[in-house]
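Report on the following structure.
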Amino acid sequence: MEILDKNNKQQFSEYERFNLLHGGFMQSLKWANVKSNWAWEAVLSRNERGVLRGVCLVLIRKIPFTGTAFMYAPHGPIVDWSDRETVGDIFEGINAIAEKYRAYRFMCDPLFEENVRALNALGFSHNENAEETIQPRANYVLKNIGGKTEEELIAMFKPDCRNRVRKAARKGVYCRRCGVEALDDFYPLMRQTGRRDGFLIRPREYFARFLNSFTEEQCRLFMCYAEIDGREVPLSGAVAVRYGNVGSYVYGASSDDNRNLYPNYLMQFEMMKWAVGGGCDVYDFGGIPHFDDENDPAYGLYRFKKGFNGEVVVYSGEYIYDFRPNTARLADICSGIAFVRREHERRNTQLKHEKINA
């Protein structure tokens, strides 16, 4: 077991190469730059020949008033879950980090569709039926897209979806692959989407960090426009990542107006083509909360995504290990208070921006 030395460029490169082959972008060390309000450490595990066999990025949030911390491995660790020895070695490193930060709890949510018995054996608790989780339990994915031509890719969609992709282009919608320079077009759409769908949005600076933390080959902002009344109007936008074998739709926004132009359909298609061009074989549409309940307000999201004719993947969920159970209750209360304060401040900031830009 090794704790990554942040000054060791070779370790950085080894970690990232391993994660590119076996993990996802949330276990990339670049993700730590995006989550700049968290501290971070990383664990590496090697076999007897010194070859990497597992890694784990650990984000660390210090809890106010308690002198303790909460640790989280988003979509990690990256390990063969049947290899109990490596799992134990990774957990030894997590223990060492917990001692350093006096952490009371560690949580992870592996990209694994079965119950992780190796974590159960180490004493982790797991609520198999939990609905409120940090990362979505259920995602919608389109598999076997690798090497597909544009015609072969669109032929995979259901007829209605295929027609709407084509209608968008016929109606004059076009999509650009952008970077931070297009955030001035994207962020107002994000504010509209947050108001329309009733969720708090992240600050503009967060999206700038996201785009700047990964390379242009790995992360892009896709923007759909149309010429309306003689001017270029932004209709929809999305942040997409292609990392390893998977292209992922991560954040999306759209205008309240001109929805009959179907920009979201064309945007998804363009992101898929970009994923294929980067060697990806899987396209991840992201979460589909309450996909099994047609009466839930969120079901429309699933209805839109399933038009692309993919499949539902349900992950095993969150696993929790409490290092200091007696501290956990107080820390949960304090972290809850801090969360409410942060969300209140974010909402106030959002409202100020809306008044300024009204």
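The values are calculated or read from the model by the stated rules, or taken from the named source; none is laboratory data. Computed from a predicted model, the values in this text were never measured in an experiment. Every residue, glycine among them, receives a Cβ derived from its backbone with ideal geometry; neighbour counts consider all protein chains shown.
Each row is one residue, and each column tells you yes or no for (1) exposed (fewer than 15 other Cβ atoms within 10 Å of the Cβ); (2) in contact with a strand residue (DSSP E or B) (Cβ under 8 Å, 6 or more places away or on another chain); (3) assigned by TED's automatic domain parsing to the domain that holds Asp292.
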{"site": "Lys100", "(1), (2), (3)": "yes, yes, no"}
{"site": "Asn115", "(1), (2), (3)": "yes, yes, no"}
{"site": "Leu142", "(1), (2), (3)": "no, yes, yes"}
{"site": "Lys148", "(1), (2), (3)": "no, no, yes"}
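Restricting attention to the stretch 219-253, the residues that are crowded, with 22+ Cβ neighbours inside 10 Å, touching a residue at least 60 places away in the same chain (Cβ under 8 Å) and more than 11 Å from Phe25 (Cβ to Cβ) total 2. Taken over the stretch 268-316, the criterion of being of a type in the set (A, V, I, L, M, F, W, C), surrounded by fewer than 16 Cβ atoms within 10 Å (Cβ to Cβ) and at pLDDT below 90 is satisfied by Ala298 alone. Among residues of the stretch 117-136 being more than 13 Å from Phe285 (Cα to Cα) and surrounded by 14 or more Cβ atoms within 10 Å (Cβ to Cβ), the one that is modelled with the lowest pLDDT is Thr133.
Residues that are free of Cβ contacts under 8 Å to residues at least 12 places away in the same chain and among the charged types (D, E, K, R) within the stretch 23-64 comprise Glu48, Arg49, listed in sequence order. Each residue in the stretch 243-258 was checked for being part of a strand (DSSP E or B) and among the polar types (S, T, N, Q), and 2 of them qualify. When the stretch 6-22 is filtered for residues that are in contact with a Ser or Thr (Cβ under 9 Å, 6 or more places away or on another chain), surrounded by fewer than 21 Cβ atoms within 10 Å (Cβ to Cβ) and touching a residue at least 24 places away in the same chain (Cβ under 8 Å), only Leu20 remains.
Applying the set (1) assigned to a loop (DSSP other than H, G, I, E, B); (2) touching a residue at least 24 places away in the same chain (Cβ under 8 Å); (3) hydrophobic (A, V, I, L, M, F, W, C) to Ala208 leaves exactly one unmet item: (1).
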